[in-house]
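The values are calculated or read from the model by the stated rules, or taken from the named source; none is laboratory data. Just so we're clear, the structure is a prediction, and the values are computed from it rather than from any experiment. With ideal geometry, Cβ positions are generated from the backbone for all residues, glycine too; neighbour counts draw on all protein chains shown.
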Amino acid sequence: MEVAAGSSQLLRDAIAGDERAFDALIGPLVEPGYRLAASMLNSVDEAEDAVQEATIKAWRNLHQLKDAALVRSWFFSIVANQTRSMRRGRWWSVVKLASPEQPKPGPEDEAVQRTDLQQAMRSLPPGDRLALYLRYYMDLPLSEVAGVLGTSETAAKSRIHRAAQGLRPAVEVPQVMT
């Protein structure tokens, strides 16, 4: 209870303009927010910009947050929205040259499987990638994933399942009959 009371006081102080209170609330979320943005944008520079913009937006809109317990999902929602906004920007509409196709790997080892998973994740639509990232990489509870996605828990669970099904063909190793 003391942690919740302390968080509520930090939120009130931050809303009143206390930069240290804001840093105490949002500071620990910047690194996970960066990882979220990097996963969505596939660019470290763009991810840094997204988190910086999201932090500024959080500062400006802190008065909208009514419950300190929701600060994590609230901030991640801002980061996710910022990455979506950046993806829709004019620079993302520029035609990119196709990268050469990589040769099929031989025997599967852990490094190859990780690469396959990363490629499969990049092939998913951004919303599905976000759902999987929040649930399995950041290990957020389903209720927080739903909050970040702006959907019900049922819809979030369905999206996570559908996204995981979309990954399956890209990461399954075919069985060799001998």
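Observations on the model:
- Residues that are surrounded by 18 or more Cβ atoms within 10 Å (Cβ to Cβ) and among the small types (Gly, Ala, Ser) within segment 19-34 comprise Ala21, Gly33, listed in sequence order.
- The residue list Gln52, Gln9 contains one member that is farther than 24 Å from Thr83 by Cα and of a type in the set (S, T, N, Q), which is Gln9.
- Residue in segment 4-17 that is at pLDDT below 85 and within 23 Å of Leu134 (Cβ to Cβ) present: yes
- Selection status of Leu25, assigned by TED's automatic domain parsing to the domain that holds Phe75, modelled with pLDDT under 90, more than 18 Å from Met121 (Cα to Cα) and not polar (S, T, N, Q): no
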